[in-house]
Amino acid sequence: MAPGAPKVLLSDIVSHSNKVPSSYIRPASDRPDLCNVVDSSLQSIPVIDMIGLGGSNHRQIISELGSACKTDGFFMIINHGIPKEVVEGMLRVGRIFFHLPESERMKMYSDDPTKANRLSTSFNVRTEKVSNWRDFLRLHCYPLDKFIHEWPCNPSDFRQVVGEYSKHARELALRLLEAISESLGLDKQHMVKAMGKQAQHMAINYYPPCPQPELTYGLPGHKDPNAITILLQDCVSGLQVMRDGKWVAVAPVENALIINIGDQMQALSNDRYKSVLHRVITNNKSERISVPTFYSPSPDAVIEPAKGLLDGDHPPVYRSFTYQEYFDAFWNQGLKSASCLDLFKNESNQSS
Ligand code: OGA
Ligand code: NI
């Protein structure tokens, strides 16, 4: 959608056309090149079984987690502790919401990125030149009491079911942050403390079937700006991750969640752990729903590397900044493959 164009949800365009509208078509040099993607059967992101994290398998899991954060930036977890019914409920109410009549969904619409809870489309309709094949409902989830009353109340159990999922997602994020701190040799509470009051946002992403998937993206290549992301997806493929210079498809695995390291964790770990490029492609057969939970520092948290990770050979890679400062830069830059973290590099590290 061109800047300033009227609001149109993608789900309503889809039913009227068997072609991608021109505002969604990427320039030829920036299309998904779907033939050049490594199939998930040939290469996969690591799968970590979380069972026994607090007990017999503790050391093994911490070590697997550390190497996944270092070399992959993306991994799946199974036996993660969020009950199956809670996960299924989350996907169910998300799907029902996106199938509601337009007039009902539009009650949540806003293209103002500063609004905490809103329905929108693409990424940032106010600034972007080419639109993305995605509608999304963005919700703030923590502290839950502060936001839940602004969430949709249709379907009638939306708030209860999504609230339940988001409480479990927060517990999981905290367990992961402890484990990640430990895997870096830091105090268990290090990352949680470094993030201040913390924030938890969720997107319910809705990718309708796309008549010409070779021309557009669900989401173009980007890195997540937050600290860690917990991604729940339905059984339709679409996510691809950059590995060794190639896009690798991530096939959905039942009962698994995908975890990825975001830019803040990369900065807090002084580049030991990696925020990795990923993107979403569309398909012409099935709609797809994904639910990322973005776990972030609070806006006023000062992001700087853990002292325990610095020495003569490992000076701070980035200057200190507040998460608010970072988020503003990320949002202004738009979704780009160039890392926003580069804007915060210390001068002595510019060439590396
Ligand atoms: C995101 C994202 C992946 C997906 O929303 O930042 O990368 O599979 N989503 O929808
Ligand atoms: Ni992402």
If the elastic network links every pair of Cα atoms under 10 Å, which of 340, 69, 153 fluctuates the most in the Gaussian network model of the chain?
153
For the chain, longest principal axis from Cα atoms; helix 58-71 axis from its Cα atoms; angle between them, nearest 10 degrees, is 60 degrees
Treat each spin label as a single point 7 Å out from the Cα along the C-beta direction, and report the residue 153 to residue 116 distance in nm.
1.7 nm
Segment residue 189-residue 100, extension gain: residue separation times 0.36 nm, minus the distance between their alpha carbons:
27.8 nm
Give me the base-10 log of I(q)/I(0) for the range 170-329 at each q in 0.10, 0.17 Å⁻¹, Debye formula, one uniform scatterer per Cα, rounded to two decimals.
-0.40, -1.03
Taking every other residue with Cβ under 14 Å from the Cβ of residue 321 and scoring Lys and Arg +1, Asp and Glu -1, one gets -4
So the angle from the long Cα axis of helix 158-183 to the longest Cα principal axis of the chain, reported in degrees to the nearest 10, equals 30 degrees
Rounded to the nearest 10 Å², the 1.4 Å probe accessible area of residue 247 is 40 Å²
Over the chain: helical MRE at 222 nm, DSSP H runs n ≥ 4 each giving -39500 (n - 2.57), nearest 500:
-7500 deg cm²/dmol
Note the angle between two axes, namely the Cα long axis of helix 84-99 and the longest principal axis of the Cα atoms of the chain, as a number of degrees from 0 to 90, rounded to the nearest 10.
40 degrees
Taking 0.36 nm per intervening residue step and subtracting the Cα-Cα distance, what contour gain separates residue 109 from residue 49 on full extension?
17.7 nm
With no solvent and one equal point scatterer placed on each C-alpha of the chain, evaluate the Debye formula and give log10 I(q)/I(0) for q = 0.07, 0.14 Å⁻¹, two decimals.
-0.28, -1.23
Separation of alpha-carbon centers, the range 158-229 and the range 242-315, rounded to whole Å
9 Å
The chain, relative contact order [Cα under 8 Å, separation at least 6], %:
21 percent
Got a number for carbon plus sulfur as a percent of the range 97-197's accessible area, 1.4 Å probe?
51 percent
Which residue fluctuates most in the GNM of the chain (Cα springs below 10 Å): 33, 313, 111?
313
Which residue fluctuates most in the GNM of the chain (Cα springs below 10 Å): 249, 227, 116?
116
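The values are calculated or read from the model by the stated rules, or taken from the named source; none is laboratory data. Not measured: the values here are computed from a predicted model. Positions of Cβ are backbone-derived with ideal geometry, glycine not excepted, and every protein chain shown enters the neighbour counts. Each accessible area value is taken on the protein alone, full model and side chains, heavy atoms only, with ligands, DNA and RNA left out. Shrake-Rupley method; radii C 1.70, N 1.55, O 1.52, S 1.80 Å.
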